[in-house]
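Everything on this sheet refers to the single structure shown next.
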Amino acid sequence: MPPLILIVEDEAPQAEMLCYNLEKEGFRTIVAVTGEEALTRAEMEAPDLVIIDWMLPERSGIDVCRALRARVDTKQLPIIMLTARGEEGDRILGLDAGADDYVIKPYSPREMVARVRALLRRSALRSLGKTLEYAGIVVDLDGHKVSRDGQPVPLGPTQFQILRVLIEHPGRVFSRDRLLGQVWGSDIFVEPRTVDVHIRRLRKALNAGGGRDIVRTVRGAGYALDTGGS
């Protein structure tokens, strides 16, 4: 069955345009016009991905994003934040709230479709029949689960894929550009700053149980996973 996309947008023309372009590419769509409706539909209809407009009546898209991340059933749901707010601080706020990607209005419908496809690829379960392990961190590629020292580590799809890249090659330094290519793909443009935000979220999740930070920042070069720390 084609992936189901939940569009959270209170402006009817914008919602209709998104529905038309996504359905033309084979996706199924449903629409919510308020934050509360979005949370209800996400629970009842289990979409594969959510596109959330920042400015919503009653409850902002940022609040909806945080609420989705706080719920067990939607913790790993792929989220794209859609907004006219293009300042770097706004982008970081959206990503820190739990969004996996950030699209600024006005945007190309082709770009949106490409970003949806890329995020769905990143969040898809990888049936590779193996786990990856390093320094107490275990990544279950089949189950899309992560643990550290036996304790579960909840990660969104983007942080999961970044960790997968790093743990496949412990000690190797990956530049921001290389991580962008490995995780997002080469078919869409993502600012290098986005990598830093997701690395920060990955660190926070891995270290939540008090473990030592093993995501090392190499100034001017990038990031590596090793026991030398940051």
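The values are calculated or read from the model by the stated rules, or taken from the named source; none is laboratory data. Predicted, not measured: the structure shown is a model, and the values here were computed from it. Cβ: placed from backbone, ideal geometry, glycine included. Neighbour counts: every protein chain shown.
Scanning segment 42-63 for residues that are surrounded by fewer than 19 Cβ atoms within 10 Å (Cβ to Cβ), over 29 Å from GLU87 (Cβ atoms) and of a type outside the set (Gly, Ala, Ser) yields GLU43, MET44, GLU45. Scanning segment 75-94 for residues that are within 22 Å of PRO152 (Cα to Cα) and either modelled with pLDDT of 85 or more or surrounded by 21 or more Cβ atoms within 10 Å (Cβ to Cβ) (or both) returns LEU77, PRO78, ILE79. Each residue in segment 15-49 was checked for being closer than 15 Å to VAL113 by Cβ and not in a strand (DSSP E or B), and 12 pass. For segment 145-179, filtered to residues that are assigned to a helix (DSSP H, G or I) and within 13 Å of the chain's Cα centre (by Cα), the residue that is modelled with the lowest pLDDT is PRO157.
Contact map, segment 135-161: first residue assigned by TED's automatic domain parsing to the domain that holds LEU119, second residue crowded, with 22+ Cβ neighbours inside 10 Å and acidic (Asp, Glu), Cβ cut-off under 8 Å, separation 6 or more or different chains; the map is empty. For segment 159-179, the criterion of being among the small types (Gly, Ala, Ser), over 17 Å from LYS145 (Cα atoms) and touching a Phe, Trp or Tyr at 6+ places or on another chain (Cβ under 8 Å) is met by no residue. Criterion applied to GLY98, GLY94, GLY89 was being at positive phi and of a type in the set (Gly, Ala, Ser), and the one residue passing it is GLY98.
Across segment 65-102, the number of residues qualifying as within 20 Å of LEU180 (Cα to Cα) and basic (Lys, Arg) comes to 1. Can you give me the number of residues within segment 151-181 that are more than 19 Å from ASP226 (Cα to Cα) and surrounded by fewer than 18 Cβ atoms within 10 Å (Cβ to Cβ)? The qualifying residues number 5.
Considering only residues in segment 180-193 that are of a type in the set (Gly, Ala, Ser) and not in a helix (DSSP H, G or I), the one that is farthest from GLY136 (Cα to Cα) turns out to be SER186.
When ASP73, ASP90 are checked against the criterion of being more than 24 Å from GLU191 (Cα to Cα) and not in a loop (DSSP other than H, G, I, E, B), ASP73 stands alone in meeting it. Take the conditions (1) within 16 Å of the chain's Cα centre (by Cα); (2) among the aromatic types (Phe, Trp, Tyr); (3) surrounded by fewer than 22 Cβ atoms within 10 Å (Cβ to Cβ); PHE27 misses just one of them, which is (1). Contact annotation: residue pairs with Cβ atoms under 6 Å, 6 or more positions apart or on different chains, pairing a residue in segment 180-199 that is closer than 15 Å to GLY98 by Cα and modelled with pLDDT of 80 or more with a partner that is buried (at least 21 other Cβ atoms within 10 Å of the Cβ) and among the polar types (S, T, N, Q), are HIS198/THR158; HIS198/GLN159.
Contact annotation: residue pairs with Cβ atoms under 6 Å, 6 or more positions apart or on different chains, pairing a residue in segment 8-29 that is without any contact (Cβ under 8 Å) to a residue 60 or more places away in the chain and over 12 Å from PRO109 (Cβ atoms) with a partner that is surrounded by fewer than 15 Cβ atoms within 10 Å (Cβ to Cβ) and charged (D, E, K, R), are THR29/GLU23. Of everything listed in (1) over 16 Å from VAL215 (Cα atoms); (2) touching a Gly at 6+ places or on another chain (Cβ under 6 Å), the single unmet condition for SER175 is (1).
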